[in-house]
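Trainee: Handing you a structure now.
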Amino acid sequence: MRVRPIWNAHFTGVILGLVLLLTFLMTGHGLGASGAPTAVAAVTAKAVAPAATASNDYLGGMVADGANPLSNWISWEVLGVLLGALIAAFASGHFRLRIDGPDRLGSPARLGMALLAGIISGVGARISLGCTSGLGLSGAAVLATAGFVFLIGFFAVGAVFGLLTKGWWK
């Protein structure tokens, strides 16, 4: 299969902006992703411990009265993004199974680092009530102060951790 070039970042940014605009116009809300894992957690918790889930202030409301949080728009959006990315990776010839990260650490440490970073990002997304796409992109698109504060903090923390871990990548 022929490997196609990756899209230009500026062109892709314009496309993302148009998708975000169309999402606002067609659905009345922006993009997001962090709600999907929360919906999976609510459904899983209800299956494992229904009484505890029903009495939980955070997850209980999502499954009250037989509601299925997986039928929410955000779950379908995330599923579409995953399938679309997979199809695009195969179609462009860029699909590879690999473990990215600094070679100095070895695969187990890189996987551990990725897991820790994912957990920290997930907790941060729940605390801030949005992820980079929901709070950052969609929030900033509607000129919400929280969106800009989030983006500034996100980039500042990324720069600090980039500097702290720079030596691992040599």
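Trainee: I need the full set of residues from region 47-59 which are part of a helix (DSSP H, G or I) and within 21 Å of Val78 (Cα to Cα), in order please.
Mentor: none
Trainee: Taking the options Thr44, Thr53, name whichever one is of a type in the set (Ser, Thr, Tyr), open to solvent by less than 50 Å² (accessible area, probe 1.4 Å) and out of contact with any Ser or Thr (no Cβ under 8 Å at 6 or more places or on another chain).
Mentor: Thr53
Trainee: Here's another thing I want to ask about it. For a quick check of your reading: which helices (runs of 4 or more DSSP H) sit entirely within region 60-159 and have at least 3 residues that are within 24 Å of Gly30 (Cβ to Cβ), modelled with pLDDT under 90 and open to solvent by 70 Å² or more (accessible area, probe 1.4 Å)?
Mentor: Hits in region 60-159: 106-127.
Trainee: Taking region 1-32, which residues are within 30 Å of Gly66 (Cα to Cα), open to solvent by less than 40 Å² (accessible area, probe 1.4 Å) and modelled with pLDDT of 85 or more?
Mentor: The answer is Thr23, Gly30, Leu31.
Trainee: Identify all residues within region 22-51 that are under 21 Å from Ala144 (Cβ atoms) and more than 19 Å from the chain's Cα centre (by Cα); write none if there are none.
Mentor: Leu22, Leu25, Met26, Thr27, Gly28 - these are the residues of region 22-51 that are under 21 Å from Ala144 (Cβ atoms) and more than 19 Å from the chain's Cα centre (by Cα).
The values are calculated or read from the model by the stated rules, or taken from the named source; none is laboratory data. These numbers were taken from a predicted model, which means no experiment stands behind them. Here the Cβ is made from the backbone with ideal geometry for all residues, glycine too, and neighbour counts use every protein chain on show. Keep in mind that these areas ignore ligands, DNA and RNA; they rest on the heavy atoms of the full protein, side chains included. Shrake-Rupley method; radii C 1.70, N 1.55, O 1.52, S 1.80 Å.
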